[in-house]
1. I'd like to check something: does the stretch 207-217 contain any residue that is over 16 Å from the mean Cα position of the chain (by Cα), of a type in the set (Phe, Trp, Tyr) and under 21 Å from residue 59 (Cβ atoms)?
2. Of all the helices (runs of 4 or more DSSP H) wholly in the stretch 272-369, which have at least 3 residues that are within 24 Å of residue 92 (Cβ to Cβ)?
3. Tell me, which residue of the stretch 255-287 that is out of contact with any helix residue (DSSP H, G or I) (no Cβ under 9 Å at 6 or more places or on another chain) and of a type in the set (S, T, N, Q) is farthest from residue 14 (Cα to Cα)?
4. Report, by residue number, each residue of the stretch 99-117 that is of a type outside the set (A, V, I, L, M, F, W, C), surrounded by fewer than 20 Cβ atoms within 10 Å (Cβ to Cβ) and within 20 Å of the chain's Cα centre (by Cα).
5. Taking into account only those residues within the stretch 183-194 that are assigned to a loop (DSSP other than H, G, I, E, B) and more than 18 Å from residue 65 (Cα to Cα), which is least open to solvent (accessible area, probe 1.4 Å)?
6. Scan the stretch 195-239 for residues that are more than 24 Å from residue 148 (Cβ to Cβ) and open to solvent by 40 Å² or more (accessible area, probe 1.4 Å) and jot them down.
7. Scan the stretch 263-281 residue by residue and report those that are surrounded by 16 or more Cβ atoms within 10 Å (Cβ to Cβ), closer than 24 Å to residue 311 by Cα, free of Cβ contacts under 8 Å to residues at least 60 places away in the same chain and touching a Gly at 6+ places or on another chain (Cβ under 8 Å).
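The values are calculated or read from the model by the stated rules, or taken from the named source; none is laboratory data. Computed from a prediction, not measured in an experiment: that's the story for all the values here. Neighbour counts are summed over all protein chains in view; Cβ atoms, including those assigned to glycine, are modelled from backbone coordinates with ideal geometry. Areas reflect the complete protein model, heavy atoms only, side chains present, ligands, DNA and RNA absent. Shrake-Rupley method; radii C 1.70, N 1.55, O 1.52, S 1.80 Å.
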Amino acid sequence: MPGPKLFEPIAIGGLALRNRIVIAPMCQYSAVDGAMTDWHLIHLGQLALSGAGLLTIEASAVLPEGRISYGDVGLWNDATEAALAGVIASIRRHSDMPIAIQLSHAGRKASTDLPWHGGKQIAPSAPNGWQTEAPSAAAFAEGENPPLALDRDGLARIRDAFAASATRAARLGIDLVQLHAAHGYLLHQFLSPLSNHRDDDYGGSLENRLRFPLEVFDAVRAAFPADKPVTMRVSGTDWVEGGWDVDGTIAFAQALEARGCAAIHVSSGGLDPRQAIPVGPNYQVPLARAVKQAVTIPVVAVGLITEFEQAEAIIGTGDADMIALARTILYDPRWPWHAAAHLGARVAAPNQYLRSQPRQHSRLFDLPQ
């Protein structure tokens, strides 16, 4: 009998993964001046022992003003690089799971408070606040301080910062770089006509709105080692009439594939407070399916994937090549173990935990590290 599709190996570019389970980037809002702390070692360390195929480090800002909040991780200078290096070195001593990083700039959604403090925008004049930047001088929500519209020099500065962070990621031995063009952050802001009101070469037509995100991708692809993959996370739709939609996402994905993008991770929403999201199990899978039908590179589905059979069906029916877990794996850091036991697959576990193998799943950990 063939084994479950969820636990079949797959390659992203030249990067081999043991299975189709991706740990999505999840912001922890626990950094100090962009530098990781012990919390990140605890958080990422436990996930690196989960048996998933790939661990993705949270959205890491390429510039200080690109952070969502003052607690965000960054990778823009030697101090942030050194902090991340220490965490990665500790993880590598105990896990050989491939490690990715998501590089990001929050644009007009930057300068916010921590989520458990309400997550509201912090004014530029207030402690822990700063002036935001975006494609156009349009605030995310009514009453917020509007961003400054980026000029050509500003675009070049941010593009070069993405490339510089990719160079730092390469020095750290990171296996894959993902660019964040989803959830209403800067690259998504350029894509959507709801946030991009420019009248130059970077606004207006779909071709123009794709231009800056593609320039950033090209710069990062040139800066990161050619034998390591660069991928993109996208929002498949804004869930707002007249906004970014699946047709634009497909065009973007095809343009990225032509430039050497190794995979597309399809999420949705985050750009506009008016979004009307039909939240429920698999609610974003149709977006991934539409992209998968239009490209040949691997596609990752995400969003309220919680059940083992549900995940297996997404892969088995060809809706996506991989599934990504975020809140689900925070709640159950051993989800891949439990999925493997349920589906009759095998999963890697550290030697120190081999004694925990349940008697009824006597071959669960029968997979070399």
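1. Yes, some residue in the stretch 207-217 is over 16 Å from the mean Cα position of the chain (by Cα), of a type in the set (Phe, Trp, Tyr) and under 21 Å from residue 59 (Cβ atoms).
2. Hits in the stretch 272-369: 335-343.
3. 275
4. Answer for the stretch 99-117, where residues must be of a type outside the set (A, V, I, L, M, F, W, C), surrounded by fewer than 20 Cβ atoms within 10 Å (Cβ to Cβ) and within 20 Å of the chain's Cα centre (by Cα): just 115.
5. 192
6. If the condition is that a residue be more than 24 Å from residue 148 (Cβ to Cβ) and open to solvent by 40 Å² or more (accessible area, probe 1.4 Å), then 206, 207, 218, 221, 222, 225, 226, 227, 228, 239 are the ones that fit.
7. Result: 266, single match.
So that you can scan it fast, the table gives a plain yes or no per residue for (1) in contact with a Gly (Cβ under 6 Å, 6 or more places away or on another chain); (2) open to solvent by 30 Å² or more (accessible area, probe 1.4 Å); (3) in contact (Cβ under 8 Å) with a residue 24 or more places away in the chain:
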residue	(1), (2), (3)
91	yes, no, yes
128	no, yes, yes
145	no, yes, yes
154	no, no, no
181	no, no, yes
